[in-house]
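Chemist: Take a look at the following structure, please.
Every read-out reported here was derived from the displayed coordinates using simple, explicitly stated rules and does not represent laboratory data. Quantities reported herein were computed from a predicted structural model and do not represent experimental measurements. Here the Cβ is made from the backbone with ideal geometry for all residues, glycine too, and neighbour counts use every protein chain on show.
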Amino acid sequence: MVNYNKNNLDQVFSVLSDPTRRAIIQELSKGEKTVKRLAEPFDMSLPAFTKHLKVLEKAELVSFRKVGRFKYYYLHSNALSEATIWLNDLKSLWEHQLSSLEKFLLSEDDGGNKSDHNE
């Protein structure tokens, strides 16, 4: 397996554990948006919403550019890449384990241990 930055993975998964932040990431995956536009679908105050954005910024999942009075937030294109690689490695491991289990179970169905049949 690849060596991962444990602190980065911990931070990313901690950030993603919150449904509001996952929804923000999902929305930003469609393109950049102003804070006001991002906050519209959420039933919370703007200060509460901006706290979520600060957490996402600290985890380096999002950034913003300022144009006049407006902040336009955008998703870092490679922000989730390390977490995705980690999950894919686990997926490969589990698929291999399940494949091995399937082969074992099929061999048991086909007679398993041949010496048992000679008794």
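Chemist: Want the number for K54 to F70: 0.36 nm per residue separation, take away the alpha-carbon distance, what's left?
Modeler: Full extension from K54 to F70 adds 4.2 nm.
Chemist: Sort segment 41-81 into rounded, prolate or oblate with this rule: let a ≥ b ≥ c be the square roots of the eigenvalues of the Cα gyration tensor; rounded if a/c is under 1.5, and if a/c is not under 1.5, prolate when a/b is larger than b/c, oblate otherwise.
Modeler: oblate
Chemist: Then there is this: Hey, if you drop one equal point scatterer on each alpha-carbon of segment 1-110 and run the Debye formula without solvent, what base-10 log of I(q)/I(0) do you get at q = 0.12, 0.20 Å⁻¹?
Modeler: Taken in order of the listed q values, log10 I(q)/I(0) reads -0.54, -1.03.
Chemist: Which whole-number percentage describes the relative contact order of segment 1-110, with Cα contacts under 8 Å and a sequence gap of 6 or more?
Modeler: 29
Chemist: Which value, in debye to the nearest 20, gives the size of the charge dipole of segment 1-110 about its Cα centre, when Lys and Arg are +1 and Asp and Glu are -1 at the Cβ?
Modeler: Roughly 1260 debye, rounded to the nearest 20.
Chemist: Hey, another quick one. For Cα pairs less than 8 Å apart in space and 6+ apart in sequence, what is the mean separation divided by the residue count of segment 37-79, i.e. the relative contact order in percent?
Modeler: 25
Chemist: Further question on the same structure: Calculate, in nm to one decimal, what L9 and D89 gain on full extension: separation in residues at 0.36 nm each, minus their alpha carbon distance.
Modeler: Length gained between L9 and D89: 27.4 nm.
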